[in-house]
1. Between chain A and chain B, with a rotation axis joining them, whose C-beta in A is nearest that axis, and what is the whole-Å distance?
2. Pulled fully out, how much extra length does the chain show between B:Lys474 and B:Arg323, if you take 0.36 nm times their separation in residues and subtract their Cα-Cα distance?
3. For Cα pairs less than 8 Å apart in space and 6+ apart in sequence, what is the mean separation divided by the residue count of chain A, i.e. the relative contact order in percent?
4. A:Ala126 to A:Thr156: extension gain in nm, 0.36 nm per residue of separation minus the Cα-Cα distance?
5. Given 37 °C and 0.692 mPa s, compute D for the protein assembly as shown with the Stokes-Einstein relation, Rh being the Kirkwood radius over Cα pairs; round to the nearest whole µm²/s.
6. Is the range A:283-323 best put as rounded, prolate or oblate by its Cα gyration tensor, with a ≥ b ≥ c the root eigenvalues, rounded for a/c under 1.5, and otherwise prolate when a/b is larger than b/c, oblate when not?
7. Please work out the ratio of the alpha-carbon Rg of chain B to 2.2 N^0.38 Å and round it to two decimals.
8. Rounded, prolate or oblate: which fits the range B:1-151 when a ≥ b ≥ c are the square roots of the eigenvalues of the alpha-carbon gyration tensor, with rounded for a/c under 1.5 and prolate only if a/b beats b/c?
There are 2 protein chains.
Amino acid sequence: MSGEKAHFLDEIFHPKSIAIAGASASAQAAGWPARLLAFGYAGHIYPVNPRVDEISGLKAYPTVRDIPGSVDYAIFNIPARLAPQIMEDCAAKGVKGAHIYTAGFSETGKEEGKELEAQVAAIAKAGGVRVIGPNCMGVYCPAAGLTFGTDFSKETGNVSFVSQTGAGATRFVRLANDKGIHFSKVVSYGNAIDLDAPDFLEYLADDEETEIIACYIEGVKDGRRFLEAIKKCLMTKPVVVLKAGLTESGAGAAASHTASLAGSESVWDAFFKQTGAIPANTLEELVDVILAWLYMPYPKGRRVGIVGRGGGLGVIATDTCERAGLKVPPFLPETRRQLEEIIPEAGAGARNPVETIRGMSGAADFYAKGLKIVDADPEIDFILTHNAVDVYGERQASLQEQVVKAVEVLASTAQTLTKPIAVVLSAGEDFETVNAVLEAGKRLLEAGIPVYPNIEVAAKAISRLIGYREFSEKSKSAI
Amino acid sequence: MSGEKAHFLDEIFHPKSIAIAGASASAQAAGWPARLLAFGYAGHIYPVNPRVDEISGLKAYPTVRDIPGSVDYAIFNIPARLAPQIMEDCAAKGVKGAHIYTAGFSETGKEEGKELEAQVAAIAKAGGVRVIGPNCMGVYCPAAGLTFGTDFSKETGNVSFVSQTGAGATRFVRLANDKGIHFSKVVSYGNAIDLDAPDFLEYLADDEETEIIACYIEGVKDGRRFLEAIKKCLMTKPVVVLKAGLTESGAGAAASHTASLAGSESVWDAFFKQTGAIPANTLEELVDVILAWLYMPYPKGRRVGIVGRGGGLGVIATDTCERAGLKVPPFLPETRRQLEEIIPEAGAGARNPVETIRGMSGAADFYAKGLKIVDADPEIDFILTHNAVDVYGERQASLQEQVVKAVEVLASTAQTLTKPIAVVLSAGEDFETVNAVLEAGKRLLEAGIPVYPNIEVAAKAISRLIGYREFSEKSKSAI
């Protein structure tokens, strides 16, 4: 975007200086200044607190107006009733963006909270301060050193997240980080008295550092603008949307959470059909889709080759894939013939779903020899392996070692395949098995292979991603 | 059943002596004799192997006919082609039941396998030997010391499982054992050339040691008999059925797994509607329903009080519960008033879903004070708490300790409640968080509280169990 005028949100995502109003003296270790310092924010941090001189080793100022230098961004960590005064100060100081972390406004459902919120909004608007919040976690932008969770990944990625929920945003980032997913920009914007989902989406549509967008939306104030913003994003990148409050009681819960009007289920159904945005029902499902997008080049179609031990488990896997909208076609006779050669207990096992050889070392053996055979079948668009590690609990002196060994064979073989592959590792709740699966999962993610805890979530995520690609292609061919 | 003639399956589930044909000399540690000895089987074990004198410290016999004492039960661990001869021997010896572990019969889809299977079946029938299998794991009956997995629980429980799949049965038992679920009888019966699901179901219907039945079914040979057997069970106990092969490709997979005709989806839809059997799509779902039944007395209705931290997470939880067929009604004003008294950040948080106090210690505080308030609301039939432990990863020096402390407060408070409670603990994939959740989950299960990894599976399982109760009550009132 060189040559173009910088977007005002650039300064909010990458502020050069931050005032923290209500920086706590009593809980310094957990406060915003300490959080930003620990995360490596390199700009100026100005704690604001009239009762102390210093917080986390930084000079504190009685008010925002008293700060000597210019202030790009302010974080409000003060009781709601003080917000109007602080906003007056910010306006006077020329602050560009304010994140009101504080809750206790319209989401309380009380008149007092609503009036306070309207008052703050009016002051900000008159004073030219753009506002994120109130009642939210604000911005996580690792490239700028800005965060609301100190343990969030410092690595920059190509995923952005626009979220009306705060705890949900925290949870989402951690779930994603655990899967090796890193972020460009995350914003939790709560009650949205100024900046709302469409503002962030319009910005992210043009943001070259963002290649996929996830959204958690409770309500939309300007439906048309939201729709246009999503459409703009979808022209260049996938958008996965968790629309919360779609059920009747869920809508009530959304109203009390962020004072949102949730909208009817039929309106949102139409939204997904019309735009090609990818729907998700839970934070886990958002992560699942992003994981598939990140690590699994779009399969050419919906036809999956299923690989795993256990005849019944294969039948369940097949049903589960079909229910998720995938296809499990028979292999070509030539594929079956080749598979029968490497499976001692051949016959049944050589169909699709194909059974790996007995035991964890048998699985490894099969990965080395069999995956290439399945990969070569023209009737198959991608491979899904499933390994119920909990079945192999017995008689395994070194379960973790064996599982890791098997997935390492899988990972190295995957490099030689022409089609995408995804892996399911199931664990049950035995400590040893769970930890073996976690460790093996990390190895797979490091090798760029998406790994899921069960077939249902894997199949759903992959099917949704394929649905997005199908929609995009249809839209392009219609132009 | 005192005074009644013993059922022939009693001897198969509790054999006094077992011959193991094809007891392996080379893989003794992993062989059937070693497995039964390790599990504590107290009857006579007779290894049969013409090439050795002793296996696992037990005298081996060249053939079944050479065994000196009487033989109740025989396990076939021999190549398929030897099965007819061994069955002749069993018939001659007066063996009552045979478990053909061996695969390579009709499930191969080959004429040779089909003929061999028919031959064995004919010999068994003529000789009065009842057969489990072939191509299956056989019987797990902890009270009899009989097992196919050495690490299965030795504790006897009130759950029985009738399974056409072998690896699936192994997986199911381990998943269930991990949740503190123990078994009365488990049978994996594979190709079912003689004993089939209806035989086991008819027996379990009258079995006083079985209070809930789970089934994994691929195909049914005699639909009417299966239906009647399930109905007989359902007159006195719930039955959860995983019908595998319901999709088109799944049916194909089932055909090659156990040579089953899967039947159409509409037929099975009608089956569930007509009988009140509880449907499940995966082994995990089977376990989920049993867990709810075991630890959660039937709620009076579908109205759930949701308790957990995170406004957005509460909205997602509400949508998820409603989608699963539960209801999330508003609390009575008096309930809200009382909740607001104990929640410092009151207002929004006091509705249903209600938010616990900030942090893991806040959750514990809320469990101690707030659960009783929710429990007392007459609009609520049961409570579901959700705790996304992954949100609390930051700033927790001793996460596991804090989570365990919180659930211990939850467990002790639960004892004082008048309504059932279920708990969701979510973990992500961080090692520390996962292990904290596993440990906390064990404590809850020990306290008799069902615990689930996410709201979706919890809501689905509880809703299905309630559906069963509703069906039973309607059926009774119709009589």
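1. Per the Cβ-to-axis criterion, the result reads A:Val434, 3.
2. Working it through step by step, the gained length comes to 52.1 nm.
3. Values: 978 pairs, mean separation 48.1, N = 479.
Reported as a whole number, the value is 10 percent.
4. Details: separation 30, 0.36 × 30 = 10.80 nm, distance 3.51 nm.
Stretched fully, the A:Ala126-A:Thr156 segment lengthens by 7.3 nm.
5. Numbers: Rh = 30.0 Å.
D, rounded to a whole number, is 110 µm²/s.
6. Working: a/c = 2.31, a/b = 1.66, b/c = 1.40.
It comes out prolate by the Cα gyration axes.
7. Numbers: Rg = 25.5 Å, N = 479, 2.2 N^0.38 = 23.0 Å.
Against the compact-globule rule of thumb, the ratio is 1.11.
8. Because its axes are fairly even, with a/c under 1.5, the range B:1-151 counts as rounded.
The values are calculated or read from the model by the stated rules, or taken from the named source; none is laboratory data. The structure displayed is predicted, hence computed values, not measured ones. Because the Cβ atoms are built from the backbone with ideal geometry, glycine has one as well, and the counts that use them run over all protein chains shown. The area values use the complete protein model at the heavy-atom level, side chains included, leaving out ligands, DNA and RNA. Shrake-Rupley method; radii C 1.70, N 1.55, O 1.52, S 1.80 Å.
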